[in-house]
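Heads up: the structure comes next, in structure tokens.
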Amino acid sequence: MSSSVHEVQPAMARKVTVSRDSLIVDLRDGRTIVVPLSWYPRLLHGTQPERKRWRLIGRGAGVHWPDLDEDVSVQGLLAGHASSESLSSLRKWLKSRAVLKKGSRRTRSSSKGRV
């Protein structure tokens, strides 16, 4: 009896879409993974432009959002793992975003009317 050896290829991302309530990752092998956006609070709290700016890492083993400092692995998605970020870390990140937004508003409003 002969048997063939099949090399298991890791699942790799090809395309990423973030909708209002889902993270959708299309894989190179034709599968699509859809998970609730609530699994990844940084994506959930990100703006549409921030969510659209992603890049594949590790040749598609994961996805990185530079504006949100978020990384998601394909293997983690397949295993059903949500973000492991602690609540205190998330709160600190949200607070830093609020401070940045306030600072940019002040900069814009203080420069109005000046030449």
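Laid out as a table, the results:
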{"item": "5 angstrom amide H check on SER22, placed H, neighbours 5+ away", "result": "LEU37"}
{"item": "Total charge dipole magnitude, segment 1-70, about the Cα centre, Cβ charges on Lys, Arg, Asp, Glu only, Debye to nearest 20", "result": "220"}
{"item": "Members of LYS52/LYS102; LYS52/LYS92; LYS15/LYS92 lying beyond 25 Å, as alpha-carbon distances in this model show", "result": "LYS15/LYS92"}
{"item": "LEU94-GLU7 FRET efficiency (beta carbon distance; Förster radius 41 Å; 0.05 resolution)", "result": "0.40"}
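Each reported figure results from applying straightforward, stated rules to the coordinates on display, with no laboratory input. From a predicted model like this one, the values you see are computed outputs, not experimental measurements. Glycine also receives a Cβ, built like all others from the backbone with ideal geometry; neighbour counts cover every protein chain displayed.
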